[in-house]
Each structure stands twice: as C-alpha cells, then as structure tokens.
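Data first, discussion second: the structure below is written as structure tokens.
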Amino acid sequence: MKKLPLSIEEYLSNLWLDAGKFAYLSFDKHGNIQNWNTEIEHYGLQNLHLSDNINEKLIFLEGWFSSEKQNNETLILEFVNFENNIVADIHILPTLKETYILFIDVSNSFRQRQQLQQERHNITLLSYQQTKNIQLLKQTHQELEARKKQAEIANQSKTKLISYITHDLRTPLSAILGFAQFLDAGVFGVLNNQQKECLDHMLSAGTHMTGLINEILEVVRLESGNIELSTESLMINSIINDCLNILQPIAQKHNIKLVNRIKGNIKIEVDRQRFQQIIINLINNAIKYNKKNGCIVISSKVLEGKLRLCIKDTGIGITDDKIDNIFQPFVRVIDAKQKNTIEGDGIGLSGCKRLVGLMGGSLSVRSELNIGSIFYLDFPLSYHCYGRNDYYSHHRLIYFYDNEIHFKLLENLLAPYKKYQLVGYHHGEDISALDLQDKITLMLTDIDNQDVAAKLRQLELLIQHIQPETTIAVFEKDTKASVISYVLEQAQVDDYLTCPFDFNQLLDIFEQ
C-alpha cells in the first residue's frame, strides 16, 4: 500500500491518539477503494480489494455524504460502534484525488466517559435524594416540634385538671374521714359491732384514698417541676433507723424482718424529707411484695464519690420482660390475682425515680423471679466524707461448704480478682491448721435447710474461733424466706447469698 500523503500525516500529528489501534482507508470520487493499512482488520474490515465500492463496506457512512458529489469539508463521526465492543472516532478527510477515512480507537476513553456520566448521574440522583431527605427531615422536625408543643400544652392542661380534681376531692374526703373518726371515737354514741365493722372499712378506704390523692399530687408536682429541694449533709444510718421505726408495725403485721446492716457513720448530700420518703416507699414495697415470714436487708457500700444503698428482699421477684416497666407511672408488673391481694397503684416507684434524679442520684433494680429483688440507690457523698479505699488491698475469704461444687463455682468466679484470697473447708473438716494471724475479711458458710439449728450452733463456734469482719450465710435457691429470715435474726450474720451464685450479688457483698 502506498504511503499516506503529507497533508494526512500533518493532520494526524495534531491529534491525540489513544492507546488503541489506528487504521485508514481511502477511496476515489467514484467510491472505489484505493488504499488501506493492515490495521483496518481491527475494525472488522477484512478481504478488501482495490476498486471495492466503499458504500458496500462501510454501511455506517450511508447518508452522511454522497460518493457522487465531492465534499471538500472534513467530517468527524464520534464514538462509532464496531464489533467486539470497539468504539472509534471516524475522521473523513477529502483530498484532490482521494477521500481518506481515519479510524482512531477510543474504546478506553469512551468507557471512561460512560463511567463518568454514570457517576455524574448517580451523584445527581444522590443529591436529589439528599435534598428530598433534608426537606423530609425539616418537615418531620417541624411536625415533631408542633406535636411537642401540643403535648406540652396537653400535659399542662392535664396537670392543672388533676391538681384541681385532687384538691376538690380532698375537701369532701376530709369531711368524710372527720365525721367517721367522730363516730369511731363514740362522740355520737356507742356503735354496735356491725356498725363498728362498717366504720372500720370506711376509715380504711378513706385513708387509702387520701394516700392515693397525695401520691397523685406528688406525681403532678414532679412532672411540672414545681418542687423545691433543700439538700444538706446527713448521717445515713440515723435516717434509715427512723424509717425502719416508722415501718416496723407494718413489717410485723406481715411477719417480715427488717435487718439494718449499714456500718459506720456515712454522710450524703440529700433532702431529708424527700430521702426519707424514698426509703419508706422502697422498703414498704419490699414488705408488700415479700413472701410470708420473709426478710429485708438494708446495706451500703462506699464507691468513688458516692454511697450505694442496697435494699434486698426475699420477695416474689420480677421477670426480665417486665422489669423495665416498673418505674413507669400507674404500671404494676404483677398478675391480676396479686393485684387483688397486694395494695398499690403503681405511682410510688416512678416518683422515687424522679426524686432520686433531682437529688443527683440514680435508682436501679435487679431481680429474679421467686428469689427476690435488690434496689440500688446511689447518692453523692458529703465532701468531707471519705470511703475506705481498699481496691488494691487483699482480702482473705474462707468458705465452709456442704457442696464442693459451690466452692468450685465461687473459686472460678473470683479467679480474675487477685485481691481476693479464697480458701475452702468442707463442714466437719479440721480447721486447726488454719492460719489466723491475718484477719479473715469475709466468712461464708452453707446453711443446710434440713438441720438449721445444728448449722447455727456450728456457725456460732466458727465465728468465735475465726472472728471474721463479715459473715455471709449461703442458702440454696429453693430455701424458704422464713428460714433466711430466721437465720439473719438468730445468728451473727451480716447478709446472705443464694446458690448458684449471682456474680453481681457477690461483688455487692465483697465490696462493702
């Protein structure tokens, strides 16, 4: 094939050529093919012969020009598709004798361009979607703000309505209770037994109604924020004892033992009246939801900057699926049968939670069905009160067990905590070799449900011999609440655990 004319080479030198194949083909004014190079086969043009008609070989040129009429203008066709996914730019250059067709492979740049166009399209769609989302968020925010304002207005109206109703109820209720008390005192004459019984029911119902109204008013004040607190540094043990003295008659009525295991004179920053209200409410609940002849243990431990009070009971417990709801107002997580036998309206705990929060504290609970519950109250310590910092000090623990599995479980639970040095003895084993030069921090002992009296005698001897700082009784989980209560009352026991051990309860006791 003849060489390209100089004019065509100069034209090519001004073009940026892609990495793909370049080919050319020429034809005369009659459309007969005159010249080509071997690279033309890259574009599917094979078996070319001189004088072949150009229109028969290059169908894509149909309509773009006429071979009969000479066209002196350069024509460029961009992104023409060939076989095997080849895309080329076609340059048609007329000369005096021939017309040249230049094939320049732009497949890579074409695909890049397509990808770029797709990315731009995606960005446009994404931008459009984001704009819609922003508009939707703004609209949703505006709707939420409007609903919030409506809810606040409704809540204020509800609060005012409840406040008016409860105040209006208290006046006639006070009159009813006053006249009933006159009758009960015999001011208007002696009542017969039947009349006296009816009057007792009236006074009981009226007193309950008064308490309910007072609790509703308290909830209204808490929700509206219309409550003033006067915090001061108070000795915790004296307040707890005052609360227990108030609740003792109620506990005796239900055969419930109240056990105060708070040690030391610890001060916290609280409002005296509100703190006492919280403690009375929590312990009163522990009495109501306890088992027959059960017990309630109140203990404490000093944490970093705060005091934790633990109120533990041998009660009916709460299931995991209901425990999150107990701090909701007017919600009671007991079945219908229990609601008929246990007084309550579901207001107290929600009020306690709010009051504790207002005093900078927190209230939480852990419970196990048919085993009991533990309520945790955390309050800030007084600035001049410091707890024992014994995080790095070592503690000697001794466990007298009936079941070796219990000891192995405790040993495994405490293994990561190097500050606890644990030794175990089976009941009846000779302890004469026990090194008592170092003080025993904590002594645990299994209490056999079958022979409690014998275990208590044995426990008394162990306490006299070892003289531990703290003694913990360990019971099987099916132990009756009355047995636990009896042991806490009769023995020098500071607290109790149930087996299999609950790891959180272990730490509660060990860190006290």
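Just a few scattered comments:
- Across segment 473-480, coupling constants 3J(HN,Hα) worked out from phi with the 6.51/-1.76/1.60 Karplus curve, θ = phi - 60°, read 8, 10, 10, 5, 5, 8, 5, 5 Hz, and Gly and Pro carry x.
- Segment 131-224 gives an Rg/Rh value of 1.40, both radii derived from C-alpha positions and Rh following Kirkwood.
- About its Cα centre, segment 418-512 has a charge dipole of approximately 60 debye under the convention of +1 per Lys or Arg Cβ and -1 per Asp or Glu Cβ, with nothing else charged.
- Computed packing ranks the peptides 448-460, 82-94, 141-153, 267-279 as 267-279, 82-94, 448-460, 141-153, most packed first, by mean other Cβ atoms within 10 Å.
- Sites Leu17 and Glu143, calculated FRET efficiency, Cβ-Cβ separation with R0 51 Å, nearest 0.05: 0.25
- Among Leu409, Leu48, the order by Cβ neighbours within 10 angstrom, fewest to most, reads Leu48, Leu409.
- Between the beta carbons of Lys132 and Glu368, assuming R0 = 35 Å, the FRET efficiency works out to 0.10 to the nearest 0.05.
- Near Ala491, no amide H atom lies under 5 Å from its own; only residues 5 or more places off or on other chains count, and H is placed 1.01 Å from N.
- Across segment 6-105 the C-alpha pair distances fall into 10 Å bins from zero in the proportions 15, 53, 31, 2 percent.
- Secondary-structure-derived ellipticity at 222 nm for the chain, considering helices only, amounts to -14500 deg cm²/dmol, per-run term -39500 (n - 2.57) for DSSP H runs with n ≥ 4.
- Entries in Lys301/Lys419; Lys196/Lys288; Lys301/Lys322; Lys288/Lys312; Lys21/Lys57 that, when Cα-Cα distance is taken, lie over 24 Å: Lys196/Lys288; Lys301/Lys322
- Extension reserve of the Thr124-Leu358 stretch, reckoned as 0.36 nm per residue once the Cα distance is removed: 79.1 nm
- Segment Arg111-Leu48, length gained on full extension (0.36 nm per residue, minus Cα span): 19.7 nm
- Contact order relative to length of segment 6-105, as percent, for alpha carbon pairs under 8 angstrom and 6 or more apart: 31 percent
Each value in this text was obtained by applying a stated rule to the coordinates, not by laboratory testing. Worth saying up front: this structure is predicted, and the values here are computed from it rather than measured. Don't worry about glycine lacking a Cβ; one is built from the backbone with ideal geometry, like all the others, and counts go over all protein chains shown.
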